[in-house]
Amino acid sequence: MRAKTSLRPLPRNFLAAFVPLGAFLASLSGVLAPQGGAAEPKPVPRVQAIPLPQDQVSFECDHRELTRLYFGPGQQRPFLFPINGPSGFSLTRMGHPHDPITHSHHNSVWISHAAVNGLSFWADTSGARILHKRVEKLTDGDDSASVQTASVWRSPDGADLLEDKRILTIKPLQNGEWLLLIDLQLTPLKDAVQLGDTAFGMLGVRMAKTIGVKDGGGTIRNSEGGVDEKGCFRKNARWVDYSGPVTNEIQEGITLFDHPSNPNHPVPFHVRDDGWMGAALTFGNPITLAPGQTLRLQYGLYVHSGAPSAESLEAAWKAFSSAP
């Protein structure tokens, strides 16, 4: 037999205890309700430079990532990966497809130099590093987004040789194509610095394996009419284009622009059929920077679909070189 449950009356002050709570909730309604004359929400920028955990910045257009900057303390130097083409597939890779150990420095798109006062900042084995110090500015907009950073070029013995100020800007074009603009300023911090005679530096691009001439059937072309490594290797040019398949149906590529204001322009380009290209700033023409003297360099990467004609690539280079 179930025991009977006896119900006791609530204390008189039980309900009264909720009266102040009810008054409090009622008062919130006036605070939470939309107020007249409130500011309208600002439009969301199409192009954004979004800081991420673990020392990264993602560049996005219409919420699609175009590239990502890596600058963590464990890196030998900052680099950009991926470089996503209009199809959404990366047109670059990390490392050499057949020699990942000695070419571990081939990090998609990177800035470095193999002969800085006799030190190699190019390879990963010398102990010299380009050390990121800080992000100074992030800018979003409908036409572009950018990040401004500060770094130092540090020798193996801990001496800082160069102050590195760079602005990386993403500019979307039509049909998913886009430009990566690199504005680099290098200033000696104490003593004179020589950028010696080398084909390795200042800018390198490691293409995706499928785009390489040898591994994927891609094609290299330059502004002077050269084709592939045989016609473009260490030849002076205004631009070099590397295009090839990213799928069995899609072909895309990257054109590397050298700005006419850069020293030694048009520079030789170090290009290989195995899938990489670089603008060789000081090949045959070393540059010495006096204390306090700033070297400014500008490069562009045109990320495009298909394999544009030489005439259209020349027009794109002219637009890049004449822009403010």
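What does the charge add up to near P82, with Lys and Arg as +1, Asp and Glu as -1, over the other residues with Cβ less than 9 Å from its Cβ?
+1
By how many nm would the segment from E40 to E65 lengthen if fully extended, with 0.36 nm per residue of separation less the alpha-carbon distance?
Additional length available on full extension: 6.2 nm.
May I ask for the distance between the Cα centers of the range 56-75 and the range 177-228, given as a whole number of Å?
Result: 20 Å between the Cα centres.
Once every DSSP H run of n ≥ 4 in the chain is given -39500 (n - 2.57) and the sum is divided by its residues, what mean residue ellipticity at 222 nm do you get, rounded to the nearest 500 deg cm²/dmol?
Helix-only estimate at 222 nm: -3500 deg cm²/dmol.
Past the 29 Å Cα-Cα mark, which pairs from K42/K171; K190/K235; K133/K190; K165/K214; K42/K137?
K190/K235; K165/K214
Taking the Cβ of V303 as the center, what net charge do the other residues with Cβ under 9 Å away carry, scoring Lys and Arg +1 and Asp and Glu -1? Please list the in-between numbers first.
On the way: positive: none; negative: E177, E252.
In short, -2.
Which length gain, in nm to one decimal place, applies between R296 and H98 when the Cα-Cα distance is subtracted from 0.36 nm times their residue separation?
Numbers: separation 198, 0.36 × 198 = 71.28 nm, distance 3.45 nm.
So the extension gain works out to 67.8 nm.
Label the range 221-276 by shape, choosing from rounded, prolate and oblate, from the square roots a ≥ b ≥ c of the eigenvalues of the Cα gyration tensor; if a/c is under 1.5 it is rounded, and otherwise prolate applies when a/b is larger than b/c, oblate when it is not.
prolate
Please state, to two decimals, what the Cα-based radius of gyration of the range 166-251 comes to when divided by 2.2 N^0.38 Å (N = residues).
1.39
May I ask for the angle, rounded to the nearest 10°, between helix 19-32 and the longest principal axis of the chain, with both axes built from Cα atoms and the value confined to 0 to 90°?
Result, in degrees: 30.
Read-outs throughout are calculated quantities, based only on the coordinates presented, and are distinct from any laboratory measurement. Please read these numbers as outputs of a predicted model, since none were measured by experiment. All Cβ positions, glycine included, derive from the backbone under ideal geometry; neighbour counts span all protein chains shown.
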